[in-house]
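A short write-up of the structure that comes next.
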Amino acid sequence: MSVNSNNQGRAYEYAWMTALLELLKPLRKTDVVYNSSYEANERAWNAISQEKQKLYTTSANAAVNTIVELEPMMDENSVDTLLFEFQRDEAGENGDVRDIVIHRDDIDWEIGLSIKHNHDAVKHSRLSHVLDFGKEWYGVPCSHDYWNDINQVFELLKCEKDRGTAWADLDKKEETVYVPLLQAFLNEVTRAYRENPNIVVKMFEYLVGVKDYHKIVSHDSKKMTLIHTFNLHGTLNQPSAVKVSAFEVLTADIPTEIIAMRFKKNSNTTVEIYMDNGWAFSFRIHSASTVVQPSLKFDVQFISTPVSVMNIECKWH
């Protein structure tokens, strides 16, 4: 992710924190946990133009009432304090994809929000000659066969890097780079799954997250904010002592099997993994650099989610 995109994402998170506080402060006792992430997000907010601040505020305000309606525990007027905290970056390394965590200080309850600005990506992961995706994604180190399969590709990329070759000028990159790397990736996941079917759950948690959350995506060009509910463990949408949500957020079953893995039809840059219980993902390989580097990125997107993942469209006013 570029520095500019990262700052815009942080600023949008700050807009959401502000919108939540402005809505809930008149209704109940609230407080903010100040940490390094808060400081970074506040700096990002102050660094963007007033026009962008207005845009992000409009986007957050379009959906903030729906989030509170989804979570009656947030606006319950009790004597305890509703705490808002920006998640530290290290949490994402441990599979917690939430950007804002909201909890109450006297009961065992919390929810999280994953906040995205103008992109729906599930994950941005890397492949390189040293990164062990098997160990990182599902706890099983990649085999010798995998390292042997990718070695020739990355040796080529290292040579082209030393020459200063631009990606746009690299000949036959689909044939010599993308296809062999994607095939090695598919072969390795197939091998690991055959030996240990339990990797499916770990791989899913790496991609989607280990905690329940509402995913919020701003689509500025459509003037729309989307909410996707990832209620994987049944912790979202809890009733308060006085209110039940107008929405019923079902628990989504976590996958336990891989149904199919293949190249996307008519594509040399994307592979697809289909799991049971309605989950499917696409993995598009690409370079994030203009000059050849011995490292490539996956843009991971959902192909499908189960019907129990609620999708709510909130149009801007």
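The values are calculated or read from the model by the stated rules, or taken from the named source; none is laboratory data. Model, not experiment: these values are computed from the prediction. Don't worry about glycine lacking a Cβ; one is built from the backbone with ideal geometry, like all the others, and counts go over all protein chains shown.
Return yes when Leu226 is more than 30 Å from Gly164 (Cβ to Cβ), in a loop (DSSP other than H, G, I, E, B), aliphatic (A, V, I, L, M) and outside the structural domain of Leu156 (by TED's automatic domain parsing) and no when it is not. Judged against the criteria, Leu226 is not a match.
Of the listed requirements (1) surrounded by fewer than 20 Cβ atoms within 10 Å (Cβ to Cβ); (2) among the aliphatic types (A, V, I, L, M); (3) in contact with a Pro (Cβ under 8 Å, 6 or more places away or on another chain), Ala241 misses just one: (3).
Tell me which residues, restricted to segment 163-182, are part of a helix (DSSP H, G or I) and either closer than 20 Å to Arg126 by Cβ or among the polar types (S, T, N, Q) (or both). Listed by number, the residues that qualify are Trp167, Lys173, Glu174, Thr176, Val177, Tyr178, Val179, Pro180, Leu181, Leu182. Taking the conditions exactly as written (touching a residue at least 60 places away in the same chain (Cβ under 8 Å), over 15 Å from Ile115 (Cβ atoms) and either surrounded by 18 or more Cβ atoms within 10 Å (Cβ to Cβ) or over 24 Å from the mean Cα position of the chain (by Cα) (or both)), does Met17 satisfy them or not? The answer is no for Met17.
For segment 204-222, the criterion of being touching a residue at least 24 places away in the same chain (Cβ under 8 Å), in a loop (DSSP other than H, G, I, E, B) and more than 27 Å from Phe283 (Cβ to Cβ) is met by none of the residues. Of the residues Leu182, Leu131, the single one that is surrounded by 12 or more Cβ atoms within 10 Å (Cβ to Cβ), in the same structural domain as Thr270 (by TED's automatic domain parsing) and closer than 30 Å to Tyr12 by Cβ is Leu131.
Can you work out which of the residues in segment 259-299 that are of a type in the set (D, E, K, R) and touching a strand residue (DSSP E or B) at 6+ places or on another chain (Cβ under 8 Å) is nearest to Asn198 (Cα to Cα)? Across segment 259-299, the extreme among qualifying residues is Asp276.
Checked across segment 130-142, the condition of being in contact (Cβ under 8 Å) with a residue 24 or more places away in the chain, touching a Gly at 6+ places or on another chain (Cβ under 7 Å) and under 23 Å from His286 (Cβ atoms) holds for at least one residue. Is it true that some residue in segment 92-99 is on the phi < 0 side of the Ramachandran plot and assigned to a helix (DSSP H, G or I)? Checking segment 92-99: at least one residue is on the phi < 0 side of the Ramachandran plot and assigned to a helix (DSSP H, G or I).
Can you tell me which residue within segment 31-67, out of those that are among the polar types (S, T, N, Q) and not in a helix (DSSP H, G or I), is farthest from Leu20 (Cα to Cα)?
Ser49
Determine whether segment 223-240 contains at least one residue that is touching a His at 6+ places or on another chain (Cβ under 6 Å), of a type in the set (A, V, I, L, M, F, W, C) and under 23 Å from Gly278 (Cβ atoms). Talk me through it step by step, then tell me what you get.
Narrowing segment 223-240 to residues touching a His at 6+ places or on another chain (Cβ under 6 Å): 227, 229.
Narrowing further to those that are of a type in the set (A, V, I, L, M, F, W, C): 227.
Keeping just the survivors that are under 23 Å from Gly278 (Cβ atoms) gives 227.
For segment 223-240, residues touching a His at 6+ places or on another chain (Cβ under 6 Å), of a type in the set (A, V, I, L, M, F, W, C) and under 23 Å from Gly278 (Cβ atoms): present.
Cβ-Cβ distances below 6 Å connect the following pairs, each with a first residue in segment 185-197 that is within 16 Å of Arg262 (Cβ to Cβ), a second residue that is in a helix (DSSP H, G or I), and a separation of six or more residues or different chains: Glu188/Tyr146; Tyr193/Ile199. Answer yes if at least one residue in segment 52-69 is modelled with pLDDT under 95 and loosely packed, with under 15 Cβ neighbours inside 10 Å, and no otherwise. No, the conditions are met nowhere in segment 52-69. Quick check on my filter: what residues within segment 68-91 are under 22 Å from Ser36 (Cα atoms) and either assigned to a helix (DSSP H, G or I) or in the same structural domain as Trp137 (by TED's automatic domain parsing) (or both)? Result: Glu90, Ala91. What about Tyr38, is it under 24 Å from Trp316 (Cα atoms) and touching a residue at least 12 places away in the same chain (Cβ under 8 Å)? Answer is no for this residue.
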